[in-house]
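Inspection log for the structure reproduced underneath, given as structure tokens.
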Amino acid sequence: QVQLVESGGGLVQAGGSLRLSCAASGRTFSWPGMGWFRQAPGQEREFVAAIIWNGRNTYYADSVKGRCTISRDNAKSTVYLQMNSLKPEDTAVYYCAAARGSNYLYFEDYDYWGQGTQVTVSR
């Protein structure tokens with residue numbers, strides 16, 4: 001069974017930073033892509049960032065570009081999302097996802113999902 005478990009969310013003031021972690025099991029770390037999505041109340045789940053298996057290529061949504069960094073530690077089967085200069089509009093549940101295919105920018109590209117971790121940015 002494939003499992004993805006997110007951690008690192010919490011409450012932070014605007015301008016602060018958080019580092020989210022996604023621990024993967026079930027051979028998922030050999031898959032081409034790992035990504036982060038987020039979903040705010042009443043909104044669609046949106047793409048945040050993705051990284052390919054070798055860690056050499058990363059992709060970011062315009063809304064977080066320059067403020068977030070996705071990275072991958074294959075030895076620990078863990079993907080990270082470092083978020084800096086957080087804004088109230090970053091408040092959402094953040095989900096880790098794994099893709100077995102070669103597309104990584106859309107919800108339907110991913111095959112497995114974690115349960116999410118809440119990020120709340122106060123003013």
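The values are calculated or read from the model by the stated rules, or taken from the named source; none is laboratory data. Quick caveat, the model's predicted, so the values are computed rather than measured. Counting neighbours? That spans all protein chains shown, and the Cβs are built from the backbone with ideal geometry, glycine included. Areas reflect the complete protein model, heavy atoms only, side chains present, ligands, DNA and RNA absent. Shrake-Rupley method; radii C 1.70, N 1.55, O 1.52, S 1.80 Å.
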- request: For region 107-118, state whether one or more residues are at pLDDT 90 or above, on the phi > 0 side of the Ramachandran plot and among the polar types (S, T, N, Q).
  value: no
task: Go through region 56-70 residue by residue and tally those that are in a strand (DSSP E or B) and either free of Cβ contacts under 8 Å to residues at least 24 places away in the same chain or open to solvent by less than 60 Å² (accessible area, probe 1.4 Å) (or both).
output: 5
statement: Of (1) open to solvent by 10 Å² or more (accessible area, probe 1.4 Å); (2) assigned to a loop (DSSP other than H, G, I, E, B), E89 fails just (2)
query: Which residues, taken from region 92-112, are in contact with a helix residue (DSSP H, G or I) (Cβ under 6 Å, 6 or more places away or on another chain), surrounded by 14 or more Cβ atoms within 10 Å (Cβ to Cβ) and more than 25 Å from G10 (Cα to Cα)?
result: A99
field: Criterion: closer than 20 Å to Q3 by Cβ and in contact (Cβ under 8 Å) with a residue 60 or more places away in the chain - qualifying residue of W113, W53
entry: W113
- request: Sort through G35, G15, G9 and tell me the only one that's in contact (Cβ under 8 Å) with a residue 40 or more places away in the chain, open to solvent by less than 50 Å² (accessible area, probe 1.4 Å) and closer than 21 Å to R123 by Cβ.
  value: G9
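Just name the residue that is surrounded by the fewest Cβ atoms within 10 Å (Cβ to Cβ) out of those in region 71-83 that are farther than 15 Å from F47 by Cβ and touching a Cys at 6+ places or on another chain (Cβ under 7 Å).
Q82
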- line: By residue number, the members of region 1-41 that are at pLDDT 95 or above and either out of contact with any strand residue (DSSP E or B) (no Cβ under 7 Å at 6 or more places or on another chain) or part of a loop (DSSP other than H, G, I, E, B) (or both) are G8, G9, A14, G15, G16, S17, A40
query: Condition test on V48, is it in contact with a helix residue (DSSP H, G or I) (Cβ under 7 Å, 6 or more places away or on another chain), modelled with pLDDT of 95 or more, at negative phi and surrounded by 14 or more Cβ atoms within 10 Å (Cβ to Cβ)?
result: no
- prompt: What number of residues within region 92-112 are outside any loop (DSSP other than H, G, I, E, B) and of a type in the set (D, E)?
  reply: 2
message: Given the criteria part of a loop (DSSP other than H, G, I, E, B), open to solvent by 20 Å² or more (accessible area, probe 1.4 Å) and closer than 20 Å to L11 by Cβ, does Q115 qualify?
response: yes
